[in-house]
Amino acid sequence: MKILVLGATGATGRLIVSKAAANGHTVVALVRSKAKAADIAGAELVEGDARDPAALTRAIAGCDAVISSLGTAISPFREVTLLSTATRALVGVMVEQNIRRLVCITGLGAGDSRGHGGFFFDRLFLPLMLRKVYEDKNRQEDVIRASKLDWIIVRPTVLNDKPARGDIKALTDLSGVHGGAIARADVAAFVVQQLTTDTWLHKAPLITW
């Protein structure tokens, strides 16, 4: 399968590229700067802005699926629009090119997972530091849900750089969930797996240890 990865220069995105390549997929990464992404192994680099339909069209040519691991910096006061703007452009290009499979990472606290992050995350960190980011994650999820794509939204708990465990929980019933953590490597493996399975089609599983 040939796939396009957005957000490939991020810590999780780099692991997604390497995992997808190791699984035999051909990987294209849309990056802002080829020079800054030169150390990404296993992907063809296409330079451009993920919000630009023309750049997305160039990058997605011949692809069968898309993984989005786009992220954005903490922004307590300034409005955040990158995630929803890029996703809206991506969905439009995917529809035009008849590419149906989209796997997108958002996060614990988006959509109906809000209120399941534990006291510190729910009462302090999200409202004080991440409110603008999560407002845009919610818009991003809304764009995806409104599309006719074969989408899967993946919501990891708090990310860390520990070794993968391989044994993770994927949940849509969040009763009793109050926070959690997961390795980026486990997230990458789960996301790549969703390219070829319909287990979570049109669902938004929260993944955690």
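Just checking, does the range 3-19 include any residue being more than 18 Å from the chain's Cα centre (by Cα) and either at pLDDT 95 or above or of a type outside the set (Phe, Trp, Tyr) (or both)? If you could, list the steps in order and put the result at the bottom.
Taking the range 3-19 and keeping what is more than 18 Å from the chain's Cα centre (by Cα), we get none.
For the range 3-19, residues more than 18 Å from the chain's Cα centre (by Cα) and either at pLDDT 95 or above or of a type outside the set (Phe, Trp, Tyr) (or both): absent.
Let me confirm something: among GLY62, GLY71, GLY92, GLY115, which residue is at positive phi and touching a residue at least 24 places away in the same chain (Cβ under 8 Å)? Reasoning before the result, please.
Numbers: GLY71 fails: at positive phi; GLY92 fails: at positive phi; GLY115 fails: touching a residue at least 24 places away in the same chain (Cβ under 8 Å).
After applying the criteria, what remains is GLY62.
Is it the case, given these coordinates, that SER84 is under 29 Å from SER18 (Cα atoms), in contact with a Gly (Cβ under 6 Å, 6 or more places away or on another chain) and hydroxyl-bearing (Ser, Thr, Tyr)? Working first, answer last.
Working: under 29 Å from SER18 (Cα atoms): yes; in contact with a Gly (Cβ under 6 Å, 6 or more places away or on another chain): no; hydroxyl-bearing (Ser, Thr, Tyr): yes.
Against the criterion (under 29 Å from SER18 (Cα atoms), in contact with a Gly (Cβ under 6 Å, 6 or more places away or on another chain) and hydroxyl-bearing (Ser, Thr, Tyr)), SER84 does not qualify.
Considering only residues that are surrounded by 17 or more Cβ atoms within 10 Å (Cβ to Cβ), aliphatic (A, V, I, L, M) and in a strand (DSSP E or B), which ones fall in the range 172-209?
ILE182, ALA183, LEU206, ILE207
Within 16 Å of the chain's Cα centre (by Cα), part of a helix (DSSP H, G or I) and at pLDDT 95 or above - does that describe any residue in the range 69-81?
no
So, in the range 99-136, of the ones that are charged (D, E, K, R) and touching a strand residue (DSSP E or B) at 6+ places or on another chain (Cβ under 7 Å), which residue ends up farthest from TRP151 (Cα to Cα)?
Filtering the range 99-136 for residues charged (D, E, K, R) gives 100-101, 112, 114, 122-123, 131-132, 135-136.
Restricting the remaining residues to those that are touching a strand residue (DSSP E or B) at 6+ places or on another chain (Cβ under 7 Å) gives 100-101.
Details: ARG100: 8, ARG101: 6 Å.
Residue satisfying both the conditions and the ranking: ARG100.
So if I check each of VAL154, VAL95, VAL80, which one is closer than 20 Å to LYS2 by Cβ and hydrophobic (A, V, I, L, M, F, W, C)? So that I can check it myself, show each step before the final result.
Details: VAL154 fails: closer than 20 Å to LYS2 by Cβ; VAL80 fails: closer than 20 Å to LYS2 by Cβ.
Result: VAL95 is the single residue among VAL154, VAL95, VAL80 that is closer than 20 Å to LYS2 by Cβ and hydrophobic (A, V, I, L, M, F, W, C).
So for the range 40-50 (the condition being in a loop (DSSP other than H, G, I, E, B), touching a residue at least 60 places away in the same chain (Cβ under 8 Å) and hydrophobic (A, V, I, L, M, F, W, C)), does at least one residue qualify?
Kept after step one, since they are in a loop (DSSP other than H, G, I, E, B), are these residues of the range 40-50: 40-42, 48-50.
Going one step further and asking which of them are touching a residue at least 60 places away in the same chain (Cβ under 8 Å), we end up with none.
Taking every residue of the range 40-50 in turn, none turns out to be in a loop (DSSP other than H, G, I, E, B), touching a residue at least 60 places away in the same chain (Cβ under 8 Å) and hydrophobic (A, V, I, L, M, F, W, C).
The values are calculated or read from the model by the stated rules, or taken from the named source; none is laboratory data. Because the structure is predicted, anything quoted here is derived from the model rather than measured. Cβ: placed from backbone, ideal geometry, glycine included. Neighbour counts: every protein chain shown.
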